[in-house]
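Trainee: Below are the structure tokens for one structure; questions will follow.
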Amino acid sequence: PYDNSIVLRNAINPIEKIQKDVDGPIRLIYHTTPHRGLNILVAAYQELSKLYGDKIHLDVFSSFKIYGWEERDEPYRDLFKACEDHPHITYHGTKSNDEVREALSKSHIFAYPSIWQETSCIAAIEAMSAGCQIVCPAYAALPETTAGFAYMYPWTTNLHIHANRFANVLKDAIDEQLEIRENNLESPTLAMQKIYADSLYSWDNRAIE
């Protein structure tokens, strides 16, 4: 019964703010399991990299090994190899949360064309705390989790349309990051995003609840 139930949000330890690199490429990151939309990301990124070249770089932290289900990686071997073969993608596989958090703190964009019905996306919450611009669809709980801060687009079951929509919005996010860098600006929206994520999703507050 609803009167006997309470819903607790997910929580994280906030990620320490550091000065992101303004000289190297715009760093994109994907740090969740492959079945959540990595195929769409790689297809879109391969096209965008033709436009931006070494101005962008994608770090992929993705494997079912994190759950001890390495056999579930088999259908994604070709996808992982496409990452490994691309000159502007680094495939990291499974790494510790500390390593992922460090990578997030240095990243500019969390590129997440999700096809998974998230109920509360910890990957997005960590990206918000790390000051990453989030690009994701308006699907499942992602609008609630990202609270209006994300570059968001309408979700669709059609993978080709999804990839096109995602690529267009991701291009807008990359262009904004380049403009911020070229004009030596800071994004007040990303600063507000971090304050929001750190206050709402911090374990300090969640533990009390």
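The values are calculated or read from the model by the stated rules, or taken from the named source; none is laboratory data. Remember, it's a predicted structure, so these values are computed and weren't measured experimentally. When we count neighbours, we look across all protein chains shown, and the Cβ atoms used for this are built from the backbone with ideal geometry, even at glycine. With ligands, DNA and RNA removed, areas are computed over all heavy atoms of the protein, side chains included. Shrake-Rupley method; radii C 1.70, N 1.55, O 1.52, S 1.80 Å.
Trainee: Between their Cα atoms, which of K50/K194; K17/K50; K55/K95; K171/K194; K106/K171; K17/K65 are more than 27 Å away from each other?
Mentor: Those over the limit are K50/K194; K17/K50; K17/K65.
Trainee: Which value, in debye to the nearest 20, gives the size of the charge dipole of the chain about its Cα centre, when Lys and Arg are +1 and Asp and Glu are -1 at the Cβ?
Mentor: 200
Trainee: Let me ask you something else. Measure off, as a whole percent, the carbon and sulfur share of the 1.4 Å-probe accessible area of the stretch 8-141, all protein chains present.
Mentor: Here it works out to 48 percent.
Trainee: Multiplying the sequence separation of D54 and A191 by 0.36 nm and subtracting their Cα-Cα distance, what value in nm do you get? Could you put the intermediate results ahead of the total?
Mentor: Working: separation 137, 0.36 × 137 = 49.32 nm, distance 2.68 nm.
Gain on extension, D54 to A191, equals 46.6 nm.
Trainee: Take the alpha-carbon positions of the chain, form their convex hull, and give its projected area averaged over all directions (one quarter of the hull surface) in nm².
Mentor: Mean projected area of the Cα convex hull: 12.7 nm².
Trainee: Given a Förster distance of 35 Å, report the FRET efficiency between E99 and T157 from their Cβ-Cβ distance, rounded to the nearest 0.05.
Mentor: Given R0 = 35 Å and the Cβ-Cβ separation, E is 0.55.
Trainee: How large is the convex hull of the Cα atoms of the stretch 145-209 per residue, expressed in Å³ as a whole number?
Mentor: 106
Trainee: Now, a different point. Classify the stretch 90-158: rounded, prolate or oblate, from the alpha-carbon gyration tensor (a ≥ b ≥ c, eigenvalue square roots; a/c under 1.5 rounded; otherwise prolate if a/b is larger than b/c)? Mind showing how you got there, number by number?
Mentor: Working: a/c = 1.93, a/b = 1.60, b/c = 1.21.
It comes out prolate by the Cα gyration axes.
Trainee: What residues qualify as long-range amide H neighbours of A147, i.e. H under 5 Å apart, gap of 5 or more or another chain, H built at 1.01 Å from N?
Mentor: Distant-sequence amide H within range of A147: zero hits.
Trainee: Can you tell me which of L28, L185, L48 moves the most in a GNM of the chain? Springs connect C-alpha atoms under 10 Å apart.
Mentor: The residue that fluctuates most here is L185.
Trainee: With the other protein chains left in place, how much accessible area per residue, in square angstrom, belongs to the stretch 54-142 at a 1.4 angstrom probe?
Mentor: Details: 3920 Å² over 89 residues.
Using a 1.4 Å probe on heavy atoms only, each residue of the stretch 54-142 averages 44 Å².
Trainee: Separate question: Among A127, T94, Q117, which residue has its Cα furthest toward the positive end of the charge dipole of the stretch 1-133, with +1 on Lys/Arg Cβ and -1 on Asp/Glu Cβ?
Mentor: Going by the Cα projections, it comes out as A127.
Trainee: Using mean Cβ contacts within 10 Å as the protection proxy, how do 103-109, 64-70 order, highest first?
Mentor: 103-109, 64-70
Trainee: Under a point spin-label approximation (7 Å from Cα along Cα-to-Cβ), what is the D21-K106 distance to one decimal in nm?
Mentor: 0.6
Trainee: Which value, in debye to the nearest 20, gives the size of the charge dipole of the stretch 89-185 about its Cα centre, when Lys and Arg are +1 and Asp and Glu are -1 at the Cβ?
Mentor: In total the dipole reaches around 180 debye.
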